[in-house]
Structure formats: C-alpha cells, structure tokens
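The values are calculated or read from the model by the stated rules, or taken from the named source; none is laboratory data. In this text, all values refer to a predicted model and were calculated from it rather than measured experimentally. Every residue, glycine as well, gets a Cβ built from its backbone with ideal geometry; the counts of neighbours run over all protein chains shown. Calculation scope for accessible area: heavy atoms of the full protein, side chains included, ligands and nucleic acids excluded. Shrake-Rupley method; radii C 1.70, N 1.55, O 1.52, S 1.80 Å.
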Amino acid sequence: MKIYNTMSGKKEDFIPVAPGAVGMYACGITVYDHCHIGHARSAIIFDVMRGYLRYKGFEVKYIRNFTDIDDKIINRARQEGISWNEVAKKYTDEYYNVMDTLGVGRADVEPKATEHIKEIIDIVQGLIDKGYAYEMQGDVYFEVGKFSDYGKLSNRDPEDMMAGARVDIDERKKNPMDFALWKSSKEGEPSWDSPWGPGRPGWHIECSAMSLKHLGESFDIHGGGADLIFPHHENEIAQSEAYTGKPFAKYWVHNGFITVDKEKMSKSLGNFFTIQDILAKFDAEVIRFFLLSTHYRSPIEFSDEQLKEAELSIDRYYTTAVRIRDFLTRDHSRDRTCAEESVLEDMVGKFLDRFKAAMDDDFNTALAIGHIFELIRIVNKYIDGGPSGKKSVGLIKSSYDLLRESGNLLNIFWRTPEQWYNILKDIRNIGFSEEYIVAKIEERRKSREAKDWAASDSIRKELEEKGIILEDKKDGTSWKVKI
RNA sequence: GGCGGCGUACCCAAGUGGCUAAGGGGGAGGUCUGCAAAACCUUUAUGCAGCGGUUCAAAUCCGCUCGCCGCCUCCA
C-alpha cells in the first residue's frame, strides 16, 4: 500500500520498520476548550487508518496523547476560576464523550504529558549533555542551529525563517528560532521539580518523550493536522533525533483543514463549530460520512448543505438495506433468474479488491465510498429485475455482507434502518410517536382496501406535512423520514 | 518576502500518462404506482482555470499567466 509522506512530498510504498508491525502516533488535543469539527476529522481519519492497517493484518500499536499542561490551560483555569487540572479533566472527559459518540475508537495508549515528567526531564538533560540545549535562568531551550537537519519536514531553510521571524524576541535565547524544552514557572503556576528549578515542559517535548517511551526510538507513522507540521513536528524531529541519534518517524501523515467560506476553521477567526453544536442537528454517522467523503489531505468546506448531502447518501444506504431485507424475507421457493444477474455476480466478485485498492492508495476513503454506491446501485437494479430462488438469495446476501464489511472499515452503516429513521425523527423533532405512525398506516390500509383514495391520501398528507413519508409496497406500507 | 497546496459538470467529489473522465446531490424526460414515494433507465463535461510546450498519447508531466487558500505565531 501507499502512504503520502509529508517528509518527501510524495506517496511512498508503506514498508514498516519492523515487518508486520506498525507503530503509530497521532497528536491529540490540548485539553482547554470544546472540540470542534476539525478535531473530529483528525481523530476519525487516524482511527480509520489504524483500523484499516489492522484489517490488512498489521499488528498496530496506536498512541494518541493529551496535552494536559500548557499556557492555554493555565489561562483557562484563571478565567473559569478553577484549577488547571480541573480544566484538563473537564475537557478530556468532553473529548471522550464526543469521540465515543462519533464512533472513534480509543487508542492503545492515551498518554498525558503530566504523566511523563520524569521521561521529559531525562530527555532535556540528555540534550543539554549532548550540547543541543542550553539553560537560561530556569528555562531550557533547544538550540536549532546545532541540528543540521532542522527544517527538513516543513521544507524550510532556517536562514530564511530568521529573516522573517515574527516571534517575540526573547533576549535569553541565543537565536529566535530556539524553542523551549522546559519553562520555569512563575509564582502560583503549576510546576514540577527539575535540575533547573521548578517548571513545566515545553509543548513539543512531551510528544518526543511519549513516543519514545511507548513506540521506541524509530517508529512508522506520525500524524496530526497539517498545522502541526511547523513548528511542532519539525521541533519533535529535532529533539528526538538529536537525543537518540536515530531516525524518528518514517512516515509523516497530515490531514487537511476544514474550511468555512474557504477559510480555515480556527479559534482566532471565530468561525468554528463545536462537535456538540453539530450533533444537535446531525447524527454522528452523518458527520463521519461527511468527513470521509473527501480525501483526508484535501480541505473540506463545512456547511449545513454539505451535511445534508451526507445525510441523503446515508439514507440511500438504509433504503437499500430495507429493500435487501424485504427481498430476503420474500418467498424464494421458485427459481427465477434475471438479466442483471451476471452484472451483480461480477461486481460481487470484484468489489472487495476495488475497495481495498482505494484504501491502499493513501486511504482514499472518497473513492472507496464511490465503490460502495456503485454496488448499491447494482444491487437495487438486480432486485428491480425480480429474481427469486436460492441463487438470488445467495447473491444478495453476499452483497449485503460486502456492504457491511466495507461500512465497518469506515465505521459507517452500523445501524438498523429502524434506528436510522428513529434518529432522524428525533433529531428533527417530528412530534409523532412511532406507535402513532403505525396506527395511521393501519387506518390508511383500511381506506385503501375500500379504495377510498381521498381518505388514504389525506392520511399520507398529514404525515408528510410533519416530514414522514409513507411508501406503499407489495407486502405493506413502511414509513421513513423525509430528508 | 520564503515554502506549500488547490482550481474537474449546476453543486459536492474521485481520477496524477493510454479503456466510453468514478460516485453522490440537483435538473429534464421515462418505467413502475390508484396517485405517490422508493428504485431503475435515459439525459445533463468532445472536455478537466487560461495559454504554450514535451509525448505516438496529458485533466494527469514541464513552463508561464490568472484566481483562491494554507504554513512561516497557538492551532486538528
């Protein structure tokens, strides 16, 4: 399989450091505020990558960290009048809450910066000992000029950056590009004892410490949002490789941004949508589908219209799921073949290879989803052809299994159609209970039997006005929510 | 200023050298239906921002131009 590597700027064949095993580290969040949809994108795509690698037979160890000590957390604690660790806990809990709802699995290890202070101090001391870092009045800085490969990930020349550095010049630094490994703490700030006095870790060092501890000196995949390429990941590389003398991560994987009116969604622009806000209007599965229907490296424009399209696509799947179920519960005592049989047979034979080829090509979930809908169309066409008998049942069952298997890999299509329609009914605040709808369907059935079309149509109209659509089929009438 | 990305139909979105440019939504027409809905069929890009070039062959590679965006400061 191929994975795009930010380091080389190309898709590369994926060859893990140790055959058959994959070590993977994704930068998580700083727990100081609500999660927005951009955090969801990152979490979902790395979760899908982990799952797919496992499906391919790799033994995956996946680490995703929490930054639970940081200036932003300290500031937030002041604002809210609670302690910094209460802030961290509050937003960590919230993170789990929304990610669980979105169907994002837990990583194998979810380390926190504050649980790795000892490891961090060891690395900082090691970097000082090796001459890559220096201490100034309780702060320790990494000396960028000492690491000749600095800039190799983000493709920058340190000379150019110095010229345009907009960073506040800290006189204590030897060079404006130098970054903090350890920060001395002021009175009343959280701190840990260290050889340089009380302080706390700098932002980048925790990831070096935690990946080293849980994955070793060299591992396979390191990822995060594209905004982490510089300086965060660049600095991680510098620290880690200077410290161990070994290559750090082999493949650097970065997801693209979510945009609003073409601009990056961000806190400073105030154009962000929290996951909780979106979940009030759309189901978790819709959000997942929306995020996976574009390749992970491309920007995605966020809007209600886009989410509605995703909702419609998922509804198409569940509509087909109902048709499949209806088909399988029909009488199949007579064998009847139809013209579309060979087309479906062909598709069933090829589907999984196509799906895997898409995912093998740098996790092309958008293409993979395209294949799913192609299968859906062919299945519908086949059912329209009116086949029956053992062979047709086998073909439809195989098709359904393929839809489930591919859906599982993306963690979509996991509900029953009834769950899906009820979720839609609730999320849109349609006032009718399911019992009421069923009673109305029965009432309408009697009208239709008596060929009282006026009465029958008025019932259908009443429900439709509230967003409930009735579908008449051979073996009865079913309801669904109008999208 | 340095570095990078993007521009594919009415909308979203795959495709990065060679079959008729996936898939979804929308529009138009049709089949089915008591009427609908759903499903299916036909149709909707001789063309992939524009202009040159390389090649037997380019949306796909190269150059230039235009437009949009990102990183260089915390950021998924």
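Remarks
- Averaged over its residues, chain A has an accessible area of 45 Å² per residue, based on protein heavy atoms and a 1.4 Å probe.
- Isotropically averaged projected area of the range A:2-279, using the convex hull of Cα atoms (one quarter of hull area), nm²: 15.1 nm²
- In this structure, A:Ser8 and A:Arg336 have a Cβ-Cβ separation that, at R0 = 51 Å, corresponds to a calculated FRET efficiency of about 0.35.
- Cα-based shape type of the range A:250-353, given that a ≥ b ≥ c are square roots of the gyration tensor eigenvalues and the cut on a/c is 1.5: prolate
- Of the Cα atoms belonging to the range A:306-416, the radius of gyration and Dmax stand at 14.2, 46 Å.
- Extension gain (nm, one decimal) between A:Asp227 and A:Ala455, 0.36 nm per residue minus Cα-Cα: 76.1 nm
- Using 0.36 nm per residue and subtracting the Cα-Cα separation, the extra length available between A:Trp414 and A:Arg156 on full extension is 88.5 nm.
- For chain A, the share of DSSP beta bridges that are antiparallel, to the nearest 5, is 55%.
- With R₀ set to 45 Å, the beta-carbon distance separating A:Lys350 from A:Ala18 gives a calculated FRET efficiency near 0.85.
- Expected-Rg normalisation [2.2 N^0.38 Å, Cα atoms] applied to the range A:196-313: 1.35
- Pair A:Asp277, A:Lys246: separation of 7 Å Cα→Cβ label points (nm): 4.4 nm
- Span from the the range A:274-345 Cα centroid across to the the range A:235-254 one, whole angstrom: 40 Å
- Largest to smallest in accessible area, the residues A:Ser398, A:Ser342 fall in the order A:Ser342, A:Ser398 (1.4 Å probe, all protein chains included).
- Converting phi to 3J(HN,Hα) with the Karplus coefficients 6.51, -1.76 and 1.60 and the offset θ = phi - 60°, the range A:241-258 yields 6, 5, 6, 8, x, 10, x, 7, 7, 8, 10, 9, 10, 10, 8, x, 8, 9 Hz in sequence order, with x at every glycine or proline.
- q = 0.23 Å⁻¹, the range A:112-219: log10 I(q)/I(0) [Debye, one scatterer per Cα]: -1.34
- Approximate spin-label separation A:Ser303-A:Glu443, in nm, with each point projected 7 Å along Cα-to-Cβ: 4.0 nm
- Ranked packing of A:323-333, A:45-55, most packed first, by mean Cβ within 10 Å: A:45-55, A:323-333
- Normalised per residue, the volume of the convex hull around the Cα set of the range A:428-481 (Å³): 66 Å³
- Under 5 Å, built H, 5+ apart or other chain: amide partners of A:Phe179: A:Phe142, A:Val144
- Normalising the Debye intensity of chain A to I(0), with uniform scatterers on Cα atoms only, and taking log10 at q = 0.07, 0.10 Å⁻¹ returns -0.48, -0.85.
- Tensor-based shape of the range A:303-358 (alpha-carbon gyration tensor, a/c under 1.5 rounded, otherwise prolate or oblate): oblate
- Value of [θ]222 nm, deg cm²/dmol, for chain A, DSSP H segments ≥ 4, -39500 (n - 2.57) each, nearest 500: -15500 deg cm²/dmol
- For the pair A:Glu471 and A:Lys390 in one chain, pulling the backbone fully straight at 0.36 nm per residue adds 26.4 nm over the alpha carbon distance.
- Close amide H contacts of A:Val22 (hydrogens built in the peptide plane, cut-off under 5 Å, sequence separation of 5 or more or a different chain): A:Glu59, A:Val60, A:Lys61.
- With all protein chains modelled, accessible area of A:His39 [1.4 Å, Å²]: 50 Å²
- Estimated inter-spin distance, A:Arg404 and A:Ser266, nm [label 7 Å along Cα→Cβ]: 4.6 nm
- Global form of the range A:375-440, assessed from the alpha-carbon gyration tensor, a/c cut-off 1.5: oblate
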